[in-house]
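J.: I'd like to ask you about the structure that follows.
The values are calculated or read from the model by the stated rules, or taken from the named source; none is laboratory data. Here the structure is a predicted model, which means the values were calculated and not measured. Please note: Cβ atoms are built from the backbone with ideal geometry, for glycine as well, and neighbour counts cover all protein chains shown.
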Amino acid sequence: MTRIIREASRQAARRSSPARYSLVIFLVLWFAGCGTTTVIAPSSPAEPVPVFLLDHGRTSSLVLPAPDGTMTRYAYGDWRYYAERETGLGHAIAAVLWPTGSALGRRHLAGPATEASVRAQVRVPIQAIHGLSVEAARVAALRGRLDDYFESAEVRETPEVELSFVPYPHQYTLRHNSNAIIADWLVELGAGVNRRPIWSGWRVESR
């Protein structure tokens, strides 16, 4: 990421004043979003079920259980970078400096809903898995909302990241990236989150 910041600085220096202002805003938001994000697990949820927060180093994803014992992994990111795999430095800079199209990713996993099962099936790098128990009804509501996007859109398969993608209605920005969206989903599940992070790095605590 240091390389991206250096290259962004050089590009902004060659651009107009608005580009320079964008870089300043980027740097302020970047440093504000660094550090560990604390997740407060719900206290005594009704009909508790396990969910798993996956820390992939720079990004995050969330695994939700289904009533039939299977699981689904959900992720969010920039469409061109994540779904189309345009991972060059130029597009990486654009994705963090200016609003871009976003992607919702999904992959179904076999049960049981355990950390060991998640690790065995998710082959993309995982730095840490954080498990917490939440209310089953909240999981069903979030799953239903996310799955609805796949019912009415053309699905793009991206085997490099083991996910199927559809467009997501909110643009991808530095403050609306994968980690911030995961934080929003955790709040929907009844958890407390001390901030919407830019950088991945999580700690789960009990109430």
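J.: Which of the residues that make up region 70-81 are modelled with pLDDT under 95 and under 19 Å from Ala183 (Cα atoms)?
T.: Start the filter on region 70-81 by keeping residues that are modelled with pLDDT under 95, which leaves 77-81.
Once the filter is applied, which keeps residues that are modelled with pLDDT under 95 and under 19 Å from Ala183 (Cα atoms), region 70-81 yields Gly77, Asp78.
J.: Name every residue in region 186-207 that is more than 20 Å from Gly77 (Cβ to Cβ) and outside any loop (DSSP other than H, G, I, E, B), in order of residue number.
T.: Gly192, Arg203, Val204, Glu205
J.: Another one. Could you list all residues from region 128-182 that are of a type in the set (Phe, Trp, Tyr) and surrounded by fewer than 19 Cβ atoms within 10 Å (Cβ to Cβ)? Show your work before the answer.
T.: From region 128-182, those of a type in the set (Phe, Trp, Tyr) are 149-150, 165, 168, 172; that's our starting set.
Hits for region 128-182 are Tyr149, Phe150.
J.: Name every residue in region 38-54 that is in a strand (DSSP E or B), out of contact with any helix residue (DSSP H, G or I) (no Cβ under 8 Å at 6 or more places or on another chain) and within 14 Å of Val193 (Cβ to Cβ), in order of residue number.
T.: We begin by selecting, within region 38-54, every residue in a strand (DSSP E or B); these are 38-40, 48-54.
Still in the running and out of contact with any helix residue (DSSP H, G or I) (no Cβ under 8 Å at 6 or more places or on another chain): 38, 40, 50.
Listed by number, the residues that qualify are Thr38, Ile40.
J.: Quick one: how many residues across region 36-69 are over 26 Å from Ala103 (Cβ atoms), of a type in the set (Gly, Ala, Ser) and either at pLDDT below 95 or surrounded by fewer than 19 Cβ atoms within 10 Å (Cβ to Cβ) (or both)?
T.: 4
J.: Just to verify a result, which residue in region 82-98, among those that are at pLDDT 75 or above and crowded, with 20+ Cβ neighbours inside 10 Å, is farthest from the chain's Cα centre (by Cα)? Step through it out loud before you land on a result.
T.: First, pick out the residues of region 82-98 that are at pLDDT 75 or above: 82-86, 98.
Okay, now just the ones that are also crowded, with 20+ Cβ neighbours inside 10 Å, so 82-83.
Details: Tyr82: 11, Ala83: 13 Å.
Looking at the filtered set, the residue picked out is Ala83.
J.: If you scan region 105-130, which residues turn out to be farther than 21 Å from Trp199 by Cβ and under 18 Å from the mean Cα position of the chain (by Cα)?
T.: Looking only at region 105-130, we keep the residues that are farther than 21 Å from Trp199 by Cβ, and these are 106-121, 123.
Residues satisfying the conditions are Arg106, Arg107, His108, Leu109, Val118, Arg119, Arg123.
J.: Identify all residues within region 142-179 that are free of Cβ contacts under 8 Å to residues at least 40 places away in the same chain and either within 13 Å of the chain's Cα centre (by Cα) or within 16 Å of Val51 (Cα to Cα) (or both); write none if there are none.
T.: Gly144
J.: Continuing with this model, one more query. Checking Leu109 against (1) surrounded by fewer than 15 Cβ atoms within 10 Å (Cβ to Cβ); (2) farther than 21 Å from Ala183 by Cα; (3) not small (Gly, Ala, Ser), which single condition isn't satisfied?
T.: Here Leu109 meets the rest and fails (1).
J.: Just to verify a result, which residue in region 183-201, among those that are β-branched (Val, Ile, Thr) and farther than 21 Å from Gly144 by Cα, is surrounded by the most Cβ atoms within 10 Å (Cβ to Cβ)?
T.: Just the residues of region 183-201 that are β-branched (Val, Ile, Thr), to begin with: 187, 193, 198.
Remaining after also requiring farther than 21 Å from Gly144 by Cα: 193, 198.
Working: Val193: 18, Ile198: 24.
The selected residue is Ile198.
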